[in-house]
Amino acid sequence: MTDNNRIDIGVLKLLFDAVTGSNQVETMANRLTQLLVGTLGIKGAAVYMVNPEFEALELLASSGLSINYINKGPVLVDKSIKLASNREPIVVSDVSKSNRLQYPENAKAEGIQSIVSTPISLHGVIIGALRLYDAAPWEVSEHDVEYLSVLAQNLGITMMYFRLANALLAVKDSVDAIHSVWLRPTY
Amino acid sequence: MTRQKVLVPYNFTENDRKALDFVIHMFASRQDVAVTLFSAYTPAPEIETRNNTVMEKIRQNLTYLKQQISEQEDKIKAVRDALIENGFSRDRVSYLFSPIKKDISQDIVDLVQSEGFNVIVLNRTSGKISRFFTGHVFQKVVISVKDVVVLIVT
């Protein structure tokens, strides 16, 4: 591992444990963002989900970011970081020299100098984004981007699991609500 | 005088602010109403004692994470103070700032039952994609509580 690399297999294992070991999607995302901040020594991290109705990224969890920054306004999919509709990992090493941000002034006020955005996808469809924020310019290594992409892929699968589990619980609640009297034969 | 105990879960969103405005409008002048703000947070990761380089990295940054949580508590205190500034007497407003135990909706239900709240003020944002993954908090709370008035601000 070179000096530029911040993520090693030990860090990745810890992050995977957080992703696979939680029984609630919000707990999982909160724990993941905390561990990213804690292990990488960065300013903040956030997990977003794509809301196709509004073509916006909806915050699921964050760590290290202020409430003002979180509530800065709708994060539009195509405008938040302007490159190929966020289909590829994007590294903004120095936000002061970039014209890609939707809210550059808010990033400056928050003390954010660099952003790494990795798409969370499932079956080729972008369903969210994993974003890391640092207070210093960050030349993210290709190695770290690869590791983050692997993490994001696993996040996509985990989110699908939570989606299905939630749907199943809703069905269970509906079935449980059926009184046994409706199940008796009427002949 | 019998006191009505009102629970207001608060997570610093725009709709939470609207719910707070509603609480001020409805209850500030009612001396028999006591309001409790409830904010839950994910606790900082536990540090294992075994020798582990990853844990050592986290240990170094743990102070930052704990500071973030502490700042969140300061913000919920500021919300409590806003209630006082808007007509509530100090003895009628309190806050609970605690780590998430199960999930937020279950924690609300448990709190209502253990502390005997009469009213819960929730809010709902329509069109949120996260409802597909987590379900609506208000929905889970409404079906789980009994003999409690649930007000939902949209």
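Just so it is clear, none of the values below were taken in a lab; they were calculated from the coordinates. All values derive from a computational prediction rather than experimental measurement. Here the Cβ is made from the backbone with ideal geometry for all residues, glycine too, and neighbour counts use every protein chain on show.
Peptide A:23-30 has a mean of 5 when you count, residue by residue, the C-beta atoms of other protein chains within 10 Å of its C-beta.
In terms of other Cβ atoms within 10 Å, B:His25, A:His179 run from fewest to most in the order A:His179, B:His25. Straight-line cross-link reach from B:Lys77 at under 19 Å between alpha-carbon atoms covers these lysines, not counting any fewer than eight positions away in the same chain: B:Lys5, B:Lys18, B:Lys66.
Cross-link partners for A:Lys172 among the lysines, with Cα-Cα distance under 28 Å and sequence neighbours closer than 8 places in the same chain left out: B:Lys101, B:Lys102, B:Lys128, B:Lys140, B:Lys146. Among residues other than A:Gly41 with Cβ under 12 Å from its Cβ, the summed charge is +2 (Lys and Arg +1, Asp and Glu -1). In this structure, the amide hydrogen of B:Val93, modeled 1.01 Å from its nitrogen in the peptide plane, lies closer than 5 angstrom to those of B:Val35, counting only residues at least 5 positions away or on a different chain.
Hydrophobic, long helices, defined as DSSP H runs whose alpha-carbon span along the helix axis is 15 Å or greater and whose mean Kyte-Doolittle value is at least 1.6, occur in chain A at A:9-20.
Distance from the C-alpha centroid of segment B:93-154 to that of segment A:142-173: 25 Å, rounded to the whole angstrom. For chain B, the fraction of alpha-carbon pairs lying more than 26 Å apart is 33 percent, rounded to a whole number.
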